[in-house]
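Asks: There's a structure below that I have some questions on.
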Amino acid sequence: METDQLFLAADAALRAVINSIEPDDFAKPVPTAWSSTADPSVLDLLQAHAYDEAWVPGVLCGASIADGDDFLDCDLLGDEPITAYNALNDTATAAVRAGVSPGSVFHFQYGDYPAEEGLVHLALYRGFQAWLLAKHLGIPFRLSEEIIAGMNEHVLPNIEEWRGFGVFPPAIDSPAGADEETRLLCAVGYWIP
């Protein structure tokens, strides 16, 4: 699977979960490991995802946070958080669908990566966050076969390296007869029975 397709599938999955959030959910707490904000709420997490979406077009064009950050400390959500997030998501989706220049480099805060690998970074954040957030809020959700296949291809071969960076917790033993989604989530340490 091409990594741009993995990104688009994971981004769409996160959007589907976000669009299932009710306004009454905004104030609910989320695990502190999901955010750099103290005592984060669902709305804080949504703001973080809006920020991440806002950066996608610039990242695709080679922009770096070292060049300036027009989105830092901005209220990207306004009075209609889901609508605002969707608009940023539309722009990010269009940018990825327009294509990434071969040989381009993504400049993340934690380092520079070839675009193909950078899209995997963006996809894994979105795909697994979609599952975790849905589980946390009781939103019915399953990772698509496309996302599972893409994560198996592009994330699992390097899982121990990712784990060494602190991205993933320790692996969990898969229960007997586990399906593909459960096996993937166990491998990355996210599965919750």
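The values are calculated or read from the model by the stated rules, or taken from the named source; none is laboratory data. Computed from a predicted structure; not experimentally measured. With ideal geometry, Cβ positions are generated from the backbone for all residues, glycine too; neighbour counts draw on all protein chains shown. Surface accessibility is based on the protein's heavy atoms, side chains included, excluding ligands, DNA and RNA. Shrake-Rupley method; radii C 1.70, N 1.55, O 1.52, S 1.80 Å.
Asks: Name every residue in segment 174-193 that is free of Cβ contacts under 8 Å to residues at least 40 places away in the same chain and more than 25 Å from Glu2 (Cα to Cα), in order of residue number.
Replies: Ser174, Pro175, Ala176, Gly177, Ala178, Trp191, Pro193
Asks: Return the pair list, or none, for Cβ contacts closer than 6 Å from residues in segment 161-173 that are open to solvent by less than 50 Å² (accessible area, probe 1.4 Å) to residues that are not basic (Lys, Arg) and not in a helix (DSSP H, G or I), at least 6 apart or on different chains.
Replies: Hits for this filter: Trp162/Phe168; Phe168/Val188; Phe168/Gly189; Pro169/Gly189.
Asks: Across segment 124-151, which residue is farthest from Phe26 (Cα to Cα) among those that are open to solvent by 50 Å² or more (accessible area, probe 1.4 Å) and in contact with an Asp or Glu (Cβ under 9 Å, 6 or more places away or on another chain)?
Replies: Per the stated criteria, the residue is Ala149.
Asks: Hey, among the residues in segment 24-54 that are part of a helix (DSSP H, G or I) and free of Cβ contacts under 8 Å to residues at least 12 places away in the same chain, which one's nearest to the chain's Cα centre (by Cα)?
Replies: Here is the first cut: in segment 24-54, the residues part of a helix (DSSP H, G or I) are 24-25, 32-34, 42-54.
Those still in the list that are free of Cβ contacts under 8 Å to residues at least 12 places away in the same chain too: 24, 32-33.
On the way: Asp24: 23, Thr32: 16, Ala33: 14 Å.
The residue in question is Ala33.
Asks: Filter segment 109-123 down to residues that are open to solvent by less than 70 Å² (accessible area, probe 1.4 Å) and part of a helix (DSSP H, G or I), then give me how many there are. Let's see the steps before the verdict.
Replies: Going residue by residue through segment 109-123, those that are open to solvent by less than 70 Å² (accessible area, probe 1.4 Å) are 111, 113, 115, 118-123.
When the remaining residues are screened for being part of a helix (DSSP H, G or I), the result is 115, 118-123.
Residues meeting the conditions: 7.
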